[in-house]
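The structure appears below as structure tokens.
The values are calculated or read from the model by the stated rules, or taken from the named source; none is laboratory data. All values reported here derive from a predicted model rather than from experimental measurement. Backbone-built Cβ (ideal geometry, glycine too); neighbour counts: all protein chains shown. Heads up: the accessible areas ignore ligands, DNA and RNA and are worked out on the full protein's heavy atoms, side chains in. Shrake-Rupley method; radii C 1.70, N 1.55, O 1.52, S 1.80 Å.
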Amino acid sequence: MSGRTAFHDISRIPTGALYTGASLPVFTHREDTRGSRYLFDKWVSGTVTDSGNNVISNNNYLFNYDKISKTLLLTQDMKSVIEIEKVGIKSFTLKNEGNYIVFERVPLIDNSNFMQSLVKGNDKYSLYKSTKTKFEKSDFHSDGLVESGKPYDEYVDEVEYFVVFPGGKEDKKIIFKQKSIKDVFSSETEKLKSYFSQHREDTI
């Protein structure tokens, strides 16, 4: 069963498509497929902050994140899955094996999707990670002499990083190379010079 639903019974979080039975997402994949469209290979615990700043936490709720559709999935019974509408979410935190992964809506960068929060600076700099995942089918070809392409399907992650400046009114895309770092933090010249001088042999 699938379709759009207008009910709001998941503690004030607007819900979208409801999947049950055969439509349950499968987090594992065939051995000849690399990568995954989901953030985790199992359901994990978590909390959600809705657009009204209400924190929803329930031990019966389990989550996963679809990296292609960029939607948060929720199950209460391991039989049906609810896709939570993005508009109802301000942020969410997922816990997997002791690690916490925080996603936020950052209108300054992308108001329609979630960004992974890596460094939350408040009155200082903040760092966010954006992941775009696409599915690429096997394109292997052989004419008996020459082989080309890859013999497997693959989910490919394309990652970008963004810095939000103090005050939250400016952001810049950053690449972790000296030139890009110096450009983004051009107002911190002396600090950067000192840092790179002390970490000449370190990998950025």
**Search result, residues across the range 110-166 that are open to solvent by 70 Å² or more (accessible area, probe 1.4 Å), among the aromatic types (F, W, Y) and under 16 Å from I68 (Cβ atoms)** = F135
**Prompt:** Just one of G21, G46, G16 is touching a strand residue (DSSP E or B) at 6+ places or on another chain (Cβ under 9 Å) and modelled with pLDDT of 95 or more; which is it?
**Reply:** G46
**Request:** Output the residues belonging to the range 104-140 that are closer than 18 Å to K172 by Cβ, of a type in the set (A, V, I, L, M, F, W, C) and part of a strand (DSSP E or B).
**Result:** V106, M115, L118, V119, L127
**Asked** Could we say that E160 is in a strand (DSSP E or B) and of a type in the set (D, E) here?
**Response** yes
**Request:** Take the range 72-109 and flag every residue that is buried (at least 18 other Cβ atoms within 10 Å of the Cβ), touching a Gly at 6+ places or on another chain (Cβ under 8 Å) and closer than 20 Å to V55 by Cβ.
**Result:** I82, I84, F92, T93, L94
**Message:** Restricting to the range 51-68, count the residues that are under 19 Å from D41 (Cα atoms) and either hydroxyl-bearing (S, T, Y) or assigned to a strand (DSSP E or B) (or both).
**Reply:** 6
**Complete:** Contact list, first residue from the range 193-204 and within 12 Å of I181 (Cα to Cα), second anywhere and open to solvent by less than 100 Å² (accessible area, probe 1.4 Å), beta-carbon distance below 8 Å, six or more apart or interchain, is F196/Q178; I204/F176; I204/Q178; I204/I181
**Asked** In this structure, does K173 turn out to be open to solvent by 50 Å² or more (accessible area, probe 1.4 Å), touching a residue at least 40 places away in the same chain (Cβ under 8 Å) and within 24 Å of the chain's Cα centre (by Cα)?
**Response** no
